[in-house]
1. Where a Cα-Cα gap under 26 Å defines reach, which lysines qualify for K42, not counting those fewer than 8 residues away within the same chain?
2. Could you state the per residue volume, in Å³, of the convex hull enclosing the Cα atoms of the chain?
3. Counting DSSP beta bridges with both partners in segment 60-181, what percentage is antiparallel, nearest 5?
4. For segment 112-182, I need the span (max minus min coordinate) of the C-alpha atoms along each principal axis, in Å, sorted largest to smallest.
5. Cut-off under 26 Å on the C-alpha distance; same-chain residues fewer than 8 positions from K152 excluded. Which lysines are left, in chain and number order?
6. So for L80, L52, what's the accessible-area order with a 1.4 Å probe, most first?
7. Return the carbon/sulfur percentage of the accessible area of the chain, one whole number, probe 1.4 Å, all protein chains in place.
8. Report, in debye and to the nearest 20, how large the dipole of segment 60-181 comes out about its Cα centre when Lys and Arg carry +1 and Asp and Glu carry -1 on their Cβ.
Amino acid sequence: MSALTSNSAPSADHLKKLIREVPDFPKPGINFYDITTLLKDKAGFSETIDALRDHYRSTPVDIVVGIEARGYFFAPAIALALNAGFVPVRKPKKLPHTVCRIEYELEYGTDTLEMHADAIQPGQNVVIIDDVLATGGTASATAKLVEMAKGKVVGLGFVIELNFLKGREKLAGRDVYSLIQY
Ligand code: AMP
């Protein structure tokens, strides 16, 4: 049984002052949570990486997967802190070698993610990291991609979780951790 618990507490609400909210970006009606203002704050960035590392401390982690593109700002630092490797999950046609691919539903249409087929060895413990958990579609597809490669998803970590979009419901039964909630 995993030593992890699926939770979001304690919330690091004080970090909200480092997150810039940009209304109507990239299109009208979307409130965009801009983490570049957190990244450039050395104390805030360091606290973010430390908190995510701490959540996974009691579980052996072999690989930290980062989701393109903003997951890449956090996942390699967390991988180093956990003494794990880093694997990028990418948009289609970016990876040069043989890939596993997953197509998933968006509100309108579909999207695709790819990962090198040999990136994860069967049975490896994998943590998936992204900046924002919104509807959960991207994270859920990434978890399935890792499982296609026979990796074991031991957790999904996010800097920000948008509670009102109920992304956790798509990740039911999985360990989901977020640092800041809106
Ligand atoms: P979803 O698949 O709906 O959970 O969307 C997650 C992805 O979209 C993440 O990779 C985020 O970077 C991005 N995203 C979705 N909504 C927002 C938002 N309001 N602000 C910033 N990024 C977002």
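The values are calculated or read from the model by the stated rules, or taken from the named source; none is laboratory data. On a predicted model such as this, the values are computed, not experimentally measured, just so you know. Glycine gets a Cβ as well: all are built from the backbone with ideal geometry, and neighbour counts include every protein chain shown. Side chains are part of the model used for accessible areas, which takes the heavy atoms of the whole protein and leaves out ligands, DNA and RNA. Shrake-Rupley method; radii C 1.70, N 1.55, O 1.52, S 1.80 Å.
1. K16, K17
2. Looking at the chain, the number lands at 117 Å³ per residue.
3. Of the beta bridges lying entirely in segment 60-181, close to 25 percent run antiparallel.
4. 37, 23, 19
5. K91, K93, K94, K144, K166, K170
6. The ordering from most to least exposed comes out as L80, L52.
7. Carbon with sulfur: 54 percent of the solvent-accessible area.
8. Approximately 140 debye in magnitude.
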